[in-house]
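Enquirer: Can you keep this structure in mind? I'll have questions shortly.
Since every read-out is calculated from the coordinates, none of them should be taken as a lab result. What you see is a predicted model, and the numbers here were worked out from it, not measured in a lab. Positions of Cβ are backbone-derived with ideal geometry, glycine not excepted, and every protein chain shown enters the neighbour counts.
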Amino acid sequence: MNRLFTVLGLAFLGLTAANCNKDDGNGGNQVVNLRDRKEVRDENAKQIEEFLAKNYLIIEGDNIRFDSISNPNKPNPNVVPLKDDKRIKIERQIITSDNYEYEAVRNPNGTTSLKFSKPKDELEYTIAYFIVPDADGNKQEGKGDYISTIDSVFVKTKSYSLKNESFDNNGNIGGYYSFPITLQEFALMSQGNYGLIPAQLKTAERQLLTKVKTAPTTALGENGIPTYEKGSAGRIIAFVPSGVGYFNAGYGSKLKAYQPHIIDMTLIAKRERDHDGDGILSKYEAKQVIEKSSELGRALTDDEIRALKLTIKDYFDFDTDGDGVPNFLDDDDDGDGVLTKTELQYKDKNNKKAYYQYYDPILKTCSNVFRYLDRACFPDQKDGEVIWPTKK
Ligand SMILES: [Ca+2]
Ligand SMILES: [Ca+2]
Ligand SMILES: [Ca+2]
């Protein structure tokens, strides 16, 4: 039986961690009573459509903003509402919340694992968005790579209320965001090193980032600031209902509770993760990816993974041993007590430790299932050597 951490310090950590996943806004204002999510969603949908009909887009080089048609700061008779603006194409994407929350649980063997629970909000939300054009009218889709929903990202953000008031931005440089926390980050946090834990974007924000690509190359300039060719990073503006944004928390004095927000995001770079440190990149630890790779006998390319249209739910749903910890966060995927990393390991011809790739047919040691996913496939140990059974 797993039991919850009872050590006071660690319980506090768990709380802090869970709070990171919630709609806590951190604007410092009072969190108001919860309203019905569906009612708020429908109200927000109307507010966003109204915004698109009553506001217009101002492009001044890199500076993109909106203003009200009926009450503009600088009256201009030639403006068209956002919904009719030919310079952009407003598209819509239906999403559901991917706010998985976690708690730390102690295993019988004294180790700690993270138990995740499904998002409580299962409503579908429609997100209006557009890819931001540059000064020449070209869509800034990004010239680098698409991201997987579980990659960490380096993004420049600016957030606005529907009154066109900016309430948050992360500066000229951008910031590093990650979801969910990796086991290594969790360990750091448990030691009190919060400074090294990346921030999280709101659920709608991180899902919408999959619409654009990173800059093709980024270099670290002075002071560790990533530099990239102007216009080469993907840039997207999304209109976010509060249910998949700040919800009842709002943000500071400018974003009231239950109000939608607008986010302008520039996707600069991504970082692929191995959340559980088992030697398999998280992007591969989804059922559909493993199955296809098993069939082809090779790793899937990023394009092939993208074609599978995986959401973060697909990653959370893949739990081979059914212990509540998805494979991408589980360092022993089949729960046989042998770490996945050990199951991938072999000695090369120089007697050095080496690792098979996750799709290597040689890992079908006992059956047609890779041995790190087959609980019945268990090695012997002889004189400190791991000895695998031979296929029947
Ligand atoms: Ca992994
Ligand atoms: Ca794993
Ligand atoms: Ca195992």
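Enquirer: Which value in nm describes the separation of the simple spin-label points at residue 126 and residue 190, placed 7 Å from the Cα toward the beta carbon?
Expert: 4.6
Enquirer: Which whole-Hz couplings ³J(HN,Hα) result when phi for each residue of segment 237-247 is put into the Karplus expression 6.51 cos²θ - 1.76 cosθ + 1.60, θ = phi - 60°, listed in order with x for Gly and Pro?
Expert: Result, ordered by residue: 10, 10, 10, 10, x, 5, x, 10, x, 9, 6 Hz.
Enquirer: What FRET efficiency do you get for residue 50 and residue 308 if R0 is 35 Å and r is their Cβ-Cβ distance, rounded to the nearest 0.05?
Expert: So the FRET efficiency works out to roughly 0.45.
Enquirer: Using a Förster radius of 30 Å, what is the FRET efficiency between residue 256 and residue 135 based on their Cβ-Cβ separation? Nearest 0.05, please.
Expert: It comes out at approximately 0.35.
Enquirer: In addition: Compare 97, 161, 70 in a GNM of the chain, Cα atoms joined below 10 Å, and give the one with the largest fluctuation.
Expert: 70
Enquirer: Between residue 79 and residue 118, with labels modelled 7 Å along Cα→Cβ, what's the label distance in nm to one decimal, could you check?
Expert: 4.4
Enquirer: What FRET efficiency comes out for residue 199 versus residue 220 if R0 is 22 angstrom and r is the Cβ-Cβ distance? Round to the nearest 0.05.
Expert: Efficiency, from the Cβ-Cβ distance: 0.65.
Enquirer: When the chain is treated as a GNM, springs tying every alpha-carbon pair under 10 Å, which of 244, 153, 105 comes out with the largest mean-square fluctuation?
Expert: 105
Enquirer: Leaving out same-chain residues fewer than 8 places away, which aspartates and glutamates sit with a Cα under 19 Å from that of residue 143?
Expert: Excluding near neighbours in sequence, the set is 62, 134, 151, 229, 264, 272, 302, 303, 304.
Enquirer: If you average the C-alpha positions of segment 72-125 and of segment 354-392 separately, how far apart do those two centres end up, in angstrom?
Expert: Cα centroid to Cα centroid, the span is 40 Å.
Enquirer: Moving to a separate point now. So, by mean Cβ neighbours within 10 angstrom, what's the order for 188-195, 53-60 with the highest one leading?
Expert: 53-60, 188-195
Enquirer: Do any of 115/211; 139/230; 139/283 go past 25 Å between their Cα atoms, and which?
Expert: Violating the 25 Å Cα-Cα cut-off are 115/211; 139/283.
Enquirer: A follow-up question, please. Do any of 213/364; 213/313; 83/254; 213/352; 54/118; 74/256 go past 29 Å between their Cα atoms, and which?
Expert: Long pairs (Cα-Cα over 29 Å): 213/364; 213/352; 54/118.
Enquirer: Tally Lys and Arg at +1 and Asp and Glu at -1 over the other residues with C-beta under 12 Å from the C-beta of residue 36: what net charge comes out?
Expert: 0
Enquirer: Between residue 386 and residue 176, what length comes free when the chain is fully extended (0.36 nm per residue of separation minus the Cα-Cα distance, one decimal in nm)?
Expert: Difference between extended and current length: 71.6 nm.
Enquirer: Ranked from highest to lowest mean number of other Cβ atoms within 10 Å per residue, what is the order of the peptides 270-276, 37-43, 302-308?
Expert: In decreasing order of mean packing, 270-276, 37-43, 302-308 become 270-276, 37-43, 302-308.
Enquirer: Take the chain, connect every pair of alpha-carbon atoms lying under 10 Å apart with a spring to form a Gaussian network, then pick out the residue of 266, 111, 210 with the largest mean-square fluctuation.
Expert: Among 266, 111, 210, the largest GNM mean-square fluctuation belongs to 111.
Enquirer: Which of 260, 191, 279 sits farthest toward the positive end of the charge dipole of the chain, with +1 on the Cβ of Lys and Arg and -1 on the Cβ of Asp and Glu?
Expert: The listed residue farthest towards the positive side: 260.
Enquirer: Continuing with this model, one more query. In whole Hz and in residue order, list the ³J(HN,Hα) couplings for segment 323-329 that follow from phi through the Karplus curve 6.51 cos²θ - 1.76 cosθ + 1.60, θ = phi - 60°; x for Gly and Pro.
Expert: The phi angles translate into 8, x, 10, x, 3, 6, 10 Hz.
Enquirer: With an 8 Å Cα cut-off and a minimum separation of 6 or more residues, compute the relative contact order for the chain in percent.
Expert: 16
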